[in-house]
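Here it is: the structure, laid out below.
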Amino acid sequence: MSDMDQQTHKFIHLHVHSAYSLAEGAVPVKSLVKKAKGMNMPAIAITDSGNLFGAMEFSLEASKAGLQPILGSRVLVGEEEHHLILLVQNQQGYLNLSEILSRSFTESDGLSKPFVKWDCLSEFSAGLICLSGGVNGPIGQALVHKQKDEAEENTKLLKKIYGDRFYIELQRHDDPTEDAIEDGFIELAYAHDIPLVATNDCYFPTPDFYEAHDALLCIADGRYISEDDRRRVTRHHYLKSASEMVELF
């Protein structure tokens, strides 16, 4: 990317799984910061799955590199385990996110993945920015199952909880399911005056790391690569450059 492109194309990753997304993310914090710095990004977030384990290391490494660290986490909401991204705005937000994550472990039934209840999100919403979670979020899943009324209700609920700190995510990972519901996201955003944000759900640093990451998911789930009905991501779930994201959207 040329110097002019670097100056023109400003993009900040807000949905990133570092290696602290245990058995899921494959980007060490130091490598993440180094790559973001090399792509001339002014800031970057980590949103690890259900934890803030990397917060201190990430904050120190990003600050040393002259990047603004954005702390966050991907949380699971309700027994359906819908995804939401919560980003920290200030100290109160950090304390609230810590409380939400703690409760996800202490208040879950222990039989499923730790999840938070809607009333917990509402009680501890101050100082947090919420992203809708893409296709796996409560709005996205309602759209996938053609439940338009539920998608509308979830949109209203999240806007009620977070106000102007709620954003609807658009993601393009060459996934037919994402393509099918993108118009639905946009219609809801315009209907309810909610801003849109483009994100890339990053799990590995570069496209050539896809096979290794796919094997990691198989190990985590006790599955085989040859199986079709298993958890997987696409080759596009990597840390794309600003110019790649601008071109994509």
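The values are calculated or read from the model by the stated rules, or taken from the named source; none is laboratory data. Nothing here was measured: the structure is a model prediction, and the numbers come from that model. Please note: Cβ atoms are built from the backbone with ideal geometry, for glycine as well, and neighbour counts cover all protein chains shown. These area figures cover heavy atoms from the full protein model, side chains too; ligands, DNA and RNA do not enter into them. Shrake-Rupley method; radii C 1.70, N 1.55, O 1.52, S 1.80 Å.
Going by amide H atoms built from the backbone, whose H comes under 5 Å of the H on F124, apart from near neighbours?
Counting only residues 5 or more places away or on other chains, the set is empty.
Follow-up question, since we're still on this one. Along its principal axes, what span do the Cα atoms of the range 164-236 show, with the longest given first and each in whole Å?
On the principal axes, the range 164-236 reaches 44, 24, 19 Å in Cα extent.
Taking Cα pairs under 8 Å and at least six residues apart, what relative contact order does the chain come out at, in percent?
Computed over the chain, the figure is 20 percent.
Something else about it: Kindly provide the Kirkwood hydrodynamic radius of the range 38-169 in Å, to one decimal, from all pairs of distinct alpha carbon atoms.
Answer for the range 38-169: a Kirkwood hydrodynamic radius of 15.3 Å.
Diagonalise the Cα gyration tensor of the range 113-249 and give the resulting equivalent ellipsoid semi-axes, square root of 5 times each eigenvalue, largest first, whole Å.
28, 18, 16
Would you calculate the separation in nanometres between label points at L22 and S59, each defined as 7 Å from the Cα along the Cα-to-beta-carbon direction?
Reported label-point gap for L22 and S59 is 2.2 nm.
Based on a Kirkwood Rh over C-alpha pairs, give the Stokes-Einstein translational diffusion coefficient of the range 1-106 at 4 °C and viscosity 1.567 mPa s in µm²/s.
Using the Kirkwood radius from Cα pairs, D works out to 90 µm²/s.
Would you check the range 1-145 for Lys pairs whose C-alpha atoms are within less than 19 Å, ignoring same-chain pairs closer than 8 in sequence, and give me the count?
7
Kindly point out which whole DSSP H helices in the chain project their C-alpha atoms 20 angstrom or further along the helix axis while averaging a Kyte-Doolittle hydropathy of -0.5 or above.
Both cut-offs are met by 91-106, 176-191.
Here's a follow-up. Within straight cross-link reach of K159, meaning Cα distance under 12 Å, which aspartates and glutamates are found once same-chain residues fewer than 8 apart are removed?
Correct list for K159: D193.
Could you calculate the FRET efficiency of E79 with F249 from 1/(1 + (r/R0)^6), where r is the beta carbon distance between them and R0 is 30 Å, rounded to 0.05?
Calculated value: 0.35.
Over the range 42-166, with every protein chain in place, what whole percent of the accessible area is carbon and sulfur at 1.4 Å, could you tell me?
Looking at the range 42-166 in its full context, I get 50 percent from C and S.
If amide H atoms are built 1.01 Å from N in the plane of the peptide, which residues on other chains or at least 5 residues away come under 5 Å of the amide H of S108?
F115
For the modelled label position 7 Å from the Cα of N90 along Cα-to-Cβ, which residues of the range 156-182 have backbone nitrogen atoms closer than 15 Å?
Counting only backbone N, you get 164-165.
So if I restrict to the alpha-carbon atoms in the chain, what is the Rg, and what is Dmax, the biggest pairwise distance, in Å?
Expressed in Å, the Cα Rg and Dmax of the chain come to 17.4, 53.
Shifting gears a bit: How much length is gained on full extension from D228 to A180, taking 0.36 nm per residue of separation minus their Cα-Cα distance?
Computed gain between D228 and A180 is 15.2 nm.
Per residue of the chain, what 222 nm ellipticity follows from adding -39500 (n - 2.57) for every DSSP H run with n ≥ 4, rounded to the nearest 500?
So the helix-based figure for the chain works out to -12500 deg cm²/dmol.
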